[in-house]
Amino acid sequence: MGRSKQPKRQKTVRPADLTPTQILSVFVYTGAGVPKNVVRVQFDPSVVEVPEYEFHGLDDLKEVVLNEGLQKIGSGAFDYCELLESIALPSSITDIGDGACAHCYKLRELILNEGLKKINHRAFWFCRSLESITLPSSITEIGLCAFQHCENLKELHLNEGIKKIECCAFSNCRSLEGIALPSTTTEIGKCAFDECWNLREVVLNRGLQMIAHNAFKNCKSLQSIEIPCSATKIGDGAFLDCKNLKELVLNDGVGKIGDNAFQNCESLEVITIPSSITEVGRRAFYNCKNLREVVLNKGLQMIASDAFWDCESLQGITFPLSITEIGNNAFENCINLMELVLNDGLKKIGIVAFSYCTSLKSVRVPSTVAEISRGAFRNCRNLREVVLNEGTKKIGRKAFVACTSLTRISVPSTIDEIGESAFEGCAKLSDLVLNVGLKKIGDNAFIDCTSLERVSVPSTVAEIGHEAFRGCKSLRELILNDGLTKIGDNAFIDCTSLERVSVPSTVAEIGHEAFRGCKSLRELVLNDGLMTIGDNAFRACTSLTRISIPCTITEIKERTFVSCFSVREVLLHEGIEQIAEDAFARCRSLPVFKFPSISGRLCAISQIGHWREGLNNEVEATRGVVERGNDELFVTAQTMGGGRNWGNIREILSKVERLISKYEIQEAISIYD
């Protein structure tokens, strides 16, 4: 902060008006003006008030003797008297103005007598040589920044009577070693003892009600503190960066621990949260790296975001029944947390609440938790057992991602959604139970669960999301039930052990690359009702031997069955409007495409002797494109041209279908007649 603005002096005596004797001797101040080069000042008994800025900036002033009877020292009265060494305030003074003795850099001795009621703002600001202060019991309030930057202040004696220590009152008193607050003190203001680097001992007495924001911030020599039962709140950042604080005692009565209150207290080892505390604020114990034991008592309701983030030594924690919410990141990166007990009553586990708790082995989520939030147990790589109870409704996005030791999960019937990437990368998950009630399996939900062998999708699931089971290399058995309507893009891509798939009739869409690379897939059943098969859906299913396209499909898209090397039979229907020219590219074992529906009708009408010759002659005329053998119509793979000749083939099939219809009608008429 810069110098305060100074008003005009009432009267200044010029050095030319003084004799040499007057300059060398003590100047008697009567309130009529001050010479600039004065060294010593004696106040006349008649003076009752020092005007504002009266002695401001007198560079030679070393000594001031104030008279008994003086009642007030105005604001800035001795500001920037840089050589002033001592000052004793008489008992008659009741008020010291703002900045009265600020920037008195050489001031070593300060005597404050009974009678003084308040030390105003910045009264002794930047008095860097001041070493000891005793405040009389008549003082009730220490003003804002009153002794801030008194860097050599070692001893501070506070007597009973002081009620409030205001903001920054002793901030940056870096030599201060100990303080004992009287029982009359009810409030310690914001940053009151901030940056008191050598402060080792602090005694807070019963009667204190409020420790404000950053009150003891960066008191890096402080080793222990006891918060009295009368203190209702520990303010935000109250003990932030007290790196050597080892012992913390919180007594019953404290209501809230504020945000960042004990952040970076790296030496803190054990804490007990009393039952009176209802909330632990954001980052309250963030980065307390040596905190190994935390006891939470009944009464605590909320642990806010980041509260115990990076408490690397914490080994176990039990949550009381009163806890309803664990905030976002609350215990993230507690890498040695092995034991976690969550009790009924808990309603919310926040986003990434226990992320990277890499030593955690088991978790039981109580039934009162409605949702396991995003990333709640992300990267808990030693988590082997998770118990989910009836009552939980949703598993959020990435809730258990990269829990690489998890072997089993049973999803209760109350859960209706498994979120995106919920179990992604759970490489040892081999046993998965999905119960009726589940409605949606989100994108990437079980991607790279490489040990998963069997999946049964309940009938209540309407949609399997994109890449839901991608890369589940051990998945052999897949059961899809009626009720499913959509299989998302890449849903089962690279499930290289999958042998059989039966798509129920309720499925309308199979997405892009849904089963691509399922090289062990031998049997594929597609039922009527399917409307869309995405491009590359069954690409490189190299063990697949037979494909039957249901009658509800009107288009076979690009590369749908490309590189299905073992396919020997494809059954099509004449209602398909378009086949992409590379839909069956590189199906090198495929000789012909068959048309079972129209072939069946042709066979049936041909069995009637009196129509056989005429029909056969007319059908025979279509040969060269659509062939006939053993009462079956087919098209060679060469003729199909990968799909590019389908338009011409379809026209001929339509002609055959019309011929069959004509003879079917004639047969019906003959029977009627």
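The values are calculated or read from the model by the stated rules, or taken from the named source; none is laboratory data. Keep in mind the model is a prediction, meaning the values are calculated, not measured. Here the Cβ positions follow ideal geometry from the backbone for every residue, glycine too, while neighbour counts run over all protein chains shown. Each accessible area value is taken on the protein alone, full model and side chains, heavy atoms only, with ligands, DNA and RNA left out. Shrake-Rupley method; radii C 1.70, N 1.55, O 1.52, S 1.80 Å.
Right, F377: over 24 Å from K289 (Cβ atoms), among the aromatic types (F, W, Y) and either modelled with pLDDT under 95 or surrounded by 15 or more Cβ atoms within 10 Å (Cβ to Cβ) (or both) or not?
Values: over 24 Å from K289 (Cβ atoms): no; among the aromatic types (F, W, Y): yes; either modelled with pLDDT under 95 or surrounded by 15 or more Cβ atoms within 10 Å (Cβ to Cβ) (or both): yes.
For F377, the condition - over 24 Å from K289 (Cβ atoms), among the aromatic types (F, W, Y) and either modelled with pLDDT under 95 or surrounded by 15 or more Cβ atoms within 10 Å (Cβ to Cβ) (or both) - is not met.
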**Report entry** Selection from region 628-670 of residues that are over 21 Å from A583 (Cα atoms), in contact (Cβ under 8 Å) with a residue 60 or more places away in the chain and not polar (S, T, N, Q)
**Finding:** E657, I660, E664, E667
Query raised in the report: Which of the residues that make up region 505-524 are within 39 Å of the chain's Cα centre (by Cα), small (G, A, S) and over 21 Å from G483 (Cα atoms)?
Result: G517
Report summary line: (1) β-branched (V, I, T); (2) within 16 Å of the chain's Cα centre (by Cα); (3) not in a loop (DSSP other than H, G, I, E, B) all hold for V401 apart from (3)
Query raised in the report: Would you call N198 at pLDDT 95 or above, open to solvent by 10 Å² or more (accessible area, probe 1.4 Å) and more than 16 Å from F147 (Cβ to Cβ)?
Result: no
Report task. Out of the residues in region 287-340 that are within 19 Å of the chain's Cα centre (by Cα) and open to solvent by 40 Å² or more (accessible area, probe 1.4 Å), state the one that is farthest from G258 (Cα to Cα). Result -> I335
Query raised in the report: Condition test on S175, is it in a loop (DSSP other than H, G, I, E, B), open to solvent by 10 Å² or more (accessible area, probe 1.4 Å), over 20 Å from R128 (Cβ atoms) and hydroxyl-bearing (S, T, Y)?
Result: no
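Hey, among V507, V525, which residue is under 17 Å from V457 (Cβ atoms), without any contact (Cβ under 8 Å) to a residue 40 or more places away in the chain, open to solvent by 30 Å² or more (accessible area, probe 1.4 Å) and of a type in the set (A, V, I, L, M, F, W, C)? It would help to see each step written out before you state the result.
Working: V507 fails: open to solvent by 30 Å² or more (accessible area, probe 1.4 Å).
Of V507, V525, the one residue that is under 17 Å from V457 (Cβ atoms), without any contact (Cβ under 8 Å) to a residue 40 or more places away in the chain, open to solvent by 30 Å² or more (accessible area, probe 1.4 Å) and of a type in the set (A, V, I, L, M, F, W, C) is V525.
Out of everything in region 187-199 that is in contact with a strand residue (DSSP E or B) (Cβ under 6 Å, 6 or more places away or on another chain) and part of a loop (DSSP other than H, G, I, E, B), what residue ends up being nearest to N152 (Cα to Cα)?
Filtering region 187-199 for residues in contact with a strand residue (DSSP E or B) (Cβ under 6 Å, 6 or more places away or on another chain) gives 187-189, 192.
In the following step, the residues that additionally are part of a loop (DSSP other than H, G, I, E, B) were identified as 189, 192.
Details: G189: 22, A192: 16 Å.
For region 187-199, the residue satisfying everything is A192.
Please verify whether K233 is surrounded by fewer than 24 Cβ atoms within 10 Å (Cβ to Cβ), under 23 Å from the mean Cα position of the chain (by Cα) and at pLDDT below 95, treating the condition exactly as stated.
Against the criterion (surrounded by fewer than 24 Cβ atoms within 10 Å (Cβ to Cβ), under 23 Å from the mean Cα position of the chain (by Cα) and at pLDDT below 95), K233 does not qualify.
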Report task. Could you give me the residue pairs with C-beta distances under 7 Å whose first residue belongs to region 173-185 and is in contact (Cβ under 8 Å) with a residue 12 or more places away in the chain and within 19 Å of W197 (Cβ to Cβ), whose second residue is open to solvent by 20 Å² or more (accessible area, probe 1.4 Å) and among the small types (G, A, S) wherever it lies, and which are 6+ apart or on separate chains? Result -> none
Query raised in the report: Checking S606 against (1) modelled with pLDDT of 75 or more; (2) touching a Lys or Arg at 6+ places or on another chain (Cβ under 6 Å); (3) buried (at least 17 other Cβ atoms within 10 Å of the Cβ), which test does it fail?
Result: (1)
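Go through region 492-506 and give me each residue that's assigned to a loop (DSSP other than H, G, I, E, B) and within 22 Å of T545 (Cβ to Cβ).
Step one: list which residues in region 492-506 are assigned to a loop (DSSP other than H, G, I, E, B), which gives 492-499, 504-506.
Hits for region 492-506 are F492, I493, D494, C495, T496, S497, L498, E499, P504.
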Query raised in the report: Taking region 184-232, which residues are within 13 Å of N260 (Cα to Cα) and among the basic types (K, R)?
Result: K217
Query raised in the report: When region 52-81 is examined, which residues are found to be more than 15 Å from L107 (Cα to Cα), of a type in the set (A, V, I, L, M) and not in a loop (DSSP other than H, G, I, E, B)?
Result: I73
Requested in this report: Could you look through region 242-274, keep only residues that are among the polar types (S, T, N, Q) and modelled with pLDDT of 95 or more, and pick out the one that is nearest to P320 (Cα to Cα)?
Outcome: T272
